[in-house]
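Before we start, here is the structure in question, set down as structure tokens.
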Amino acid sequence: MIEAVAVGPLALDEAEAVAALAELIWHKHYPGIISVEQIDYMLRERYKPGLIRQTLARGDRWLAARAGDALLGFAHGYALMDGDYKLDKLYVHPDYQRHGIGQLLLELMAEHARRHGARRLVLRVNRHNAQAIAAYRKYGFAVLVPVVEDIGEGFVMDDYVMTKNLEAA
């Protein structure tokens, strides 16, 4: 793990930094998995700074991994019904992947969910994103079900829903 990384709550004034980091990560990672047009569409729909601030204001959990003033990664989650907690976003800057930052963000989000009564962490991952699927499996997630969802403008999300049990064994 990189020594100088600190993880804490995302600040309202970091919404633009999250949007910029998401754009960098998505354009590096997702070509070949989804089209550039779908990447741009999903970034516009899901990473508007105003939307990020809105989710912060409603109480969603956002974590930021930082080294000094640099944002290296982020995670976003919120409670669902029936004891589930949605891990909606988990991304780390490509230059800092495989240094334990993603694992730390995941562990902190799982601990937060557990403290708030969640029994399972739930996420969606593109079925063709082998790197992410392997990482999630490594950290105890299992595929629950495939799902295909029309997200507008002719684009679909072709995902697996994956879950991780948070209850003590």
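No lab work stands behind these numbers, since they all come straight from the coordinates. From a predicted model like this one, the values you see are computed outputs, not experimental measurements. Reconstructed Cβ throughout: ideal geometry from the backbone, glycine too, with neighbour counts over all protein chains shown.
Could you order peptides 29-36, 83-90 by the average number of other Cβ atoms within 10 Å of their residues, highest first?
83-90, 29-36
Using only Cα atoms, figure out Rg for region 8-60 and give it as a multiple of 2.2 N^0.38 Å.
1.21
Let me spell out the model: positive unit charges on the Cβ of Lys and Arg, negative unit charges on the Cβ of Asp and Glu, origin at the Cα centre of the chain. What dipole size does that give, in debye rounded to 20?
Details: 20 positive and 22 negative charges, 112 e Å.
With only Lys, Arg, Asp and Glu charged at Cβ, the dipole is about 540 debye.
In region 1-40, what GluC sites (Glu not before Pro) fall in a loop by DSSP, with at most 14 other Cβ atoms inside 10 Å?
On the way: sites: Glu3, Glu14, Glu16, Glu23, Glu37; in loops: Glu3.
The qualifying sites are Glu3.
Which log10 I(q)/I(0) values, to two decimals, does the chain give at q = 0.10, 0.20 Å⁻¹ under the Debye formula with one point per Cα?
Debye curve over Cα of the chain, log10 I(q)/I(0) at q = 0.10, 0.20 Å⁻¹: -0.36, -1.63.
At 0.36 nm per residue, minus the direct Cα-Cα distance, what do His112 and Asp40 gain on full extension? Give it in nm, one decimal, please.
Residue separation times 0.36 nm, minus the Cα-Cα distance, leaves 22.8 nm.
Which peptide among 56-64, 73-81 comes first, and what is the full order, when sorted by highest mean count of other Cβ atoms within 10 Å?
Peptide ranking by packing, descending: 73-81, 56-64.
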